[in-house]
Amino acid sequence: MKTLSYGVALATLLSTTVIPAYAASDADVAALRKEIQAMRQAYESRITDLEKKLSEVERTQTNAALAPAAGPAPARQSSVTPATTSRDIRDNSFNPSIGVILNGQYRSFSEDEGDIAGFAVGHEGERGKEGLSVEHTELNFSANVDDKFYGSATAAIAEHDGETEIELEEAFVQTLPGMGLPTGATLKAGRALWTLGYLNEHHAHADDFADRPLPYRVFLDNAFNDDGVEFTYVLPTNFYSEVGGGIFRGDDYPFGSASGDGIGAWSGFARVGGDIGDNQNWRVGGYVLSGDTSGRLSNEDVVNFTGDTHLYAADVRYTWAPTGNPREQEVLLQGEYFWRDEDGTYEDTDAATGVVPFNDESDGWYAQAVYKFLPQWRVGARYSQLSSPSVPASLAGSALDSSGHDPKTYTLMGDWTNSEFSRVRLQYNREELAQGHKDNQFLLQYIMSIGAHGAHKY
Amino acid sequence: MRNFVFLLFALIAFPVTALAEVNVFACEPEWGALAKEVGGEKVMVKIATTAQQDPHHIRAKPSLLAAMRKADLVICSGAGLEVGWLPVLLQKSGSPQVQTGQPGNLMAADYITRLEVPVTVDRSEGDIHPEGNPHVHLNPHNVALVAAELVKRLASVDGANSTVYQSRYADFSKRWDAATKRWEKDAARLRGARFIAHHKSFTYLLNWLGMVEAGTLEAKPGIPPTTSHLEALLEQQRKNPARAILRTPYESKDASQWLSEKTGVPAIVLPYTIGDDNQSSNLFTLFDRTIVLLTETSRGAH
């Protein structure tokens, strides 16, 4: 009897504890069912709404396309005319890379004149304008032409003597590896900054200083970019070696007034380079540029040279990353040496020398060091020197008479590079370009690029 | 002059003996290591950068031109990571088969799901990559996808040895999958953990293990950390500190250490790629070491 009553009590206890749970879950399930129903209804109504809207839009589109609204139609629909809807912009996807280099300087000089004694220089090689000025603004367009060729054009908009000029700095085509030339061989034709020394093939905006060193100013008028053809070949050696050469029209300084018959000038070069460990690398090169001219005007068209010019150059470049990471710290050492042999006649109309036979050599060199001590900060120093040729008596007192003075410049610079696309530089020059000439110059410049900016060479 | 020209042609025409090895040019050490895993003795790998160097800022130096000249296969991260130097090398001394789009040109970022693809592209956002974040190798699933493509490329470049590559890949794949599972298990407790990184170099690592990037020391990618941004991070860290501040071996320690000192959050250097320390000499040990460093830090933080 007792066990039975205990059993009943236990059963009641269990059922009261268990049944409420079941009861609760029944209610829960019903509630869940209700929720799902509500959700389903809500979503279904939204979907039907969206479907309605979509069919409306489709209808209005087809209406607009088929029937340009005439008469008192709502303004929005009538403005959709066939001319606008059918404007077809073709081939945008193959547009070239476009980049612009924006460049301005503030310069202050302590001497009024900046002529380089003993040398006749073209207008690019002269020192820039004093005060605030916008420098060459470069526009570049480049793209692959097809599977075999690549093309690029760089125009520089600059002001010289109060006139705004558009100079064609580069306009060339070159072969791509798909052309079928041996691996490492490239043919480039048109107008370009040809391979000569270290700086010539780089655009000035990429330089480590605000101006080019003396040898570039007097021997190349800042850069040699004649019209011509150049072949270069990276040799299949374990270390880096490259050779090449070109033929040119002979119109650009140090040549000029090319008549067009025959080849005005030719060039040749050879380079080798390599690594020293993981953190150092170097490259040296030897170059020759030779040609003749029937009239090379310089010094604001006052000096005229006719004859042969042979220019030989050598360059060396070395970079070292002290911490192993060139992003954080880097040291760059660079130097070039030029030797020029001229054989022809000079005339200085200002000094009324008449046409004077001239056959002599001149040379010049520069050495620079740049130290990047923080990712965005660099300092640099450069020394540059020329030795002017000895002049015959009939040229005494002319622009070519240096009175025995060898022009030289000392330069210090500091620059801040926020990114690969912007740089601001402060530079101090001490230029001793002629007897008694001591020019202290301060230059402040910005160089910024927008748009596409190709990878830089070494 | 004539002799010079003759010599030039003799050099060009010199028969290039069919070398036994495929020359692989790897932009970064991680891809070089992958090429060695899949290629074994059949490949000769030249690695263009070291673990100490920031791959964004490499010069197209002479030794790289010479190495590209010989390359049969180029393997790089892609997504614009090497845009400052690789195009010069390819154009100047690359053979037709290693040019972009050809079988000998393998860009890892093309074979994985890229993260952080920007909606708008403007340089005021810093050095952003229009294709997305290019530091793709720190997710072993990505490495597996690239390896699968690499074996196909090696087979197309060097068909004679394709069975060797297939068997090496099968072996690597088995070991890699097993290792990946082990890493995921070991790093399970890192889910939801918050980390600060110097640059967005660890996005794929954090994404793989379910960790959260609590911010970067650089306010904008590619622009070195600024005081104002670090102060803002400091404020944020005081309220909700991260587990650690991560950086690669090539990133400067100054900003990491400053923030670490102010907040007490540890600043650690992850190996990031192969070659920085003795413990990360191949892809397996790279991830082993990375997981160990991350989990140790987390343990220490509690």
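Consider all pairwise Cα distances in chain B and report the whole-number % of them above 25 Å.
Details: 23756 of 45451 pairs.
Looking at chain B, the distances longer than 25 Å represent 52 percent of pairs.
Hey, could you get me the Stokes-Einstein D for the protein assembly as shown, Kirkwood radius over alpha-carbon pairs, 4 °C and 1.567 mPa s, rounded to whole µm² s⁻¹?
Rounded, D is 42 µm²/s.
Please average, across the residues of A:176-183, the number of beta carbons from any other chain that are within 10 Å of each residue's own beta carbon, and give a whole number.
Averaged over the peptide's residues, the number is 5.
Calculate one ³J(HN,Hα) per residue across segment B:244-255 by plugging θ = phi - 60° into the Karplus curve 6.51 cos²θ - 1.76 cosθ + 1.60, and present them in order as whole Hz with x for glycine and proline.
Along segment B:244-255, the couplings run 6, 10, 9, 8, 8, x, 8, 8, 5, 7, 4, 5 Hz.
May I ask you to list the lysines whose Cα is less than 29 Å away from that of residue A:52, ignoring any residue fewer than eight positions away on the same chain?
A:34
Under a 1.4 Å probe, what is the accessible area of chain A per residue, stated in Å²?
Numbers: 23400 Å² over 458 residues.
Ligands and nucleic acids excluded, the figure is 51 Å² per residue.
If I take all pairs of Cα atoms in segment A:129-271, what percentage of them are more than 24 Å from each other?
That tail contains 38 percent of the Cα-Cα pairs.
Rg/Rh for segment A:201-333 to two decimals, with Rh computed the Kirkwood way over all alpha-carbon pairs. Can you show the working numbers first?
Values: Rg = 17.9 Å, Rh = 17.0 Å.
Rg/Rh for segment A:201-333 comes to 1.06.
Take the Cα atoms of segment A:348-421, build their convex hull, and give its volume per residue in Å³.
About 138 Å³ per residue, rounded to a whole number.
Give me the compactness ratio for segment B:124-220, meaning the Cα radius of gyration over 2.2 N^0.38 Å.
The value comes to 1.38.
Once phi is turned into ³J(HN,Hα) by the Karplus curve 6.51 cos²θ - 1.76 cosθ + 1.60 with θ = phi - 60°, what whole-Hz value does each residue of segment B:204-213 show in order, with x for glycine and proline?
Listing the rounded values in order: 5, 5, 5, 5, 4, 8, x, 8, 10, 8 Hz.
Let me confirm one metric for peptide B:50-61, namely the mean number of other chain beta-carbon atoms within 10 Å of its residues' beta-carbons.
6
Could you compute Rg(Cα) / (2.2 N^0.38 Å) for segment B:52-206, with N its residue count?
Expressed relative to 2.2 N^0.38 Å, the Cα Rg reads 1.17.
Ordered by packing density, taken as the mean number of other Cβ atoms within 10 Å over each peptide's residues, highest first, how do B:247-257, B:133-143, B:156-166 rank?
B:133-143, B:247-257, B:156-166
Which value in Å does the Kirkwood hydrodynamic radius of segment A:296-448 take, with 1/r averaged over all unlike C-alpha pairs and then inverted? Numbers along the way, then the final one.
Values: mean 1/r = 0.0551 Å⁻¹.
Value: 18.1 Å, from the Cα pair sum.
For segment B:138-213 and segment A:142-190, what is the separation of their Cα centres, given in Å?
42
Based on the Cα coordinates of segment A:113-212, what is the per residue volume of their convex hull in Å³? Can you show the working numbers first?
Details: hull volume 13.7 nm³, N = 100.
Convex hull of Cα atoms, per residue: 137 Å³.
5 Å is the cut-off here: which amide hydrogens, built 1.01 Å from N in the peptide plane, fall below it relative to residue B:43, excluding neighbours closer than 5 in sequence?
Here the answer is B:22, since their amide H atoms fall under 5 Å of that of residue B:43.
So if R0 is 22 Å, what FRET efficiency would residue A:261 and residue A:179 give, r being the distance between their Cβ atoms, rounded to the nearest 0.05?
After rounding to 0.05, the efficiency reads 0.15.
Can you figure out the FRET efficiency of residue A:90 with residue A:421, using R₀ = 41 Å and their beta-carbon distance, to the nearest 0.05?
Working from the Cβ atoms, E equals 0.85.
For the cross-link pairs A:457/B:152; A:457/B:70; B:220/B:262; A:129/A:408; A:148/B:70, which exceed 24 Å when the distance is taken from alpha carbon to alpha carbon?
Too far apart for the 24 Å limit: A:457/B:152.
For segment A:272-363, report the % of Cα-Cα distances exceeding 19 Å.
Beyond 19 Å sits 59 percent of the P(r) for segment A:272-363.
Determine ³J(HN,Hα), in whole Hz, for all residues of segment A:186-200 in sequence, where each value follows from phi through the Karplus function 6.51 cos²θ - 1.76 cosθ + 1.60 and θ = phi - 60°; x replaces Gly and Pro.
Here the 3J(HN,Hα) series is 9, 10, 10, 9, x, 10, 8, 7, 6, 6, 7, x, 8, 6, 4 Hz.
The values are calculated or read from the model by the stated rules, or taken from the named source; none is laboratory data. It should be emphasised that the depicted structure is a prediction, and the values quoted were computed from it without experimental measurement. Reconstructed Cβ throughout: ideal geometry from the backbone, glycine too, with neighbour counts over all protein chains shown. What goes into the accessible areas is simple: the full protein's heavy atoms, side chains included, and nothing from ligands, DNA or RNA. Shrake-Rupley method; radii C 1.70, N 1.55, O 1.52, S 1.80 Å.
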